[in-house]
1. What helices in the chain pass both tests, a Cα length along the helix axis of 27 Å or more and a mean Kyte hydropathy of 0.5 or higher, using whole DSSP H runs?
2. About the Cα centre, and with charges only on the beta carbon of Lys, Arg (+1) and Asp, Glu (-1), how big is the dipole of the range 14-125? Nearest 20 debye, please.
3. Order 43-55, 97-109, 116-128 from most to least packed using the mean count of other Cβ atoms within 10 Å.
4. Can you divide the C-alpha Rg of the chain by 2.2 N^0.38 Å and report the result to two decimal places?
5. Just to be sure I follow: if Rg is taken over the C-alpha atoms of the range 101-155 and Rh is the Kirkwood radius over the same atoms, what is Rg/Rh?
6. Quote to one decimal, in nm, the extra length available between ALA113 and LEU68 on full extension: 0.36 nm per residue of separation minus the C-alpha distance between them.
7. Applying 1/(1 + (r/R0)^6) with R0 = 22 Å to the Cβ-Cβ distance of ILE58 and ILE19, what FRET efficiency is obtained, to the nearest 0.05?
8. Can you give the Rg and Dmax of the range 3-83 based on its C-alpha atoms, in angstrom?
Amino acid sequence: MSGSASKSGAISGRTAAIIMGVLLALYLGLVGWRAVQFILTGEPIAIAIGVALIVLPIIGAWALWRELDFGVRSQRLVERLSDEGGADLGLPVSESGRVDRAAATAEFERFKAAAESEPGSWRAWLRLGLVYDAAGDRRRARGAIRTAIELERRAS
């Protein structure tokens, strides 16, 4: 991963998260006001709509918080691993700074074996997550990175 490519990606991702947070706050304010209006009518259906207008955005805010928390924690671990000199996966990188997908897929078993041989190592799990991501398997990448976050949290 190229230093400048990862920094610019983190900045744009951070900016997008801030924008989403501001938009969510605006949305919650507007919808909250409308929910109060529905509830104050005293009509059972309007009250139900008002309650739904309060509950559903709260669930959305929780989901956004969870994603932001995951992003911040995973970025910290990647930076820590990079500072330790362990973030280089030893895979070919394109000019844009992205790991070659075919190479990541071909080398995947090596990283999986390392994580399995060191099940308590957040570093091994983070590297596995990075390789999953490079290979295009976002769901498994997130799972491996969540494991790394939890392992690092327990070790602290």
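1. Numbers: long enough: 3-40 (55 Å, 1.16); 44-83 (58 Å, 0.88).
Span-like helices here: 3-40, 44-83.
2. Numbers: 11 positive and 13 negative charges, 74 e Å.
Roughly 360 debye, rounded to the nearest 20.
3. Details: 43-55: 13.9, 97-109: 15.5, 116-128: 17.8.
Going from most to least packed, we get 116-128, 97-109, 43-55.
4. 1.39
5. On the way: Rg = 10.5 Å, Rh = 10.7 Å.
Rg/Rh for the range 101-155 comes to 0.97.
6. On the way: separation 45, 0.36 × 45 = 16.20 nm, distance 2.98 nm.
My answer for the length gained is 13.2 nm.
7. On the way: r = 20 Å, r/R0 = 0.91.
E(calc), rounded to 0.05, equals 0.65.
8. Considering the range 3-83 through its Cα atoms, Rg and Dmax are 18.3, 60 Å.
No lab work stands behind these numbers, since they all come straight from the coordinates. Everything quoted here is computed from the prediction, not taken from an experiment. Counting neighbours? That spans all protein chains shown, and the Cβs are built from the backbone with ideal geometry, glycine included.
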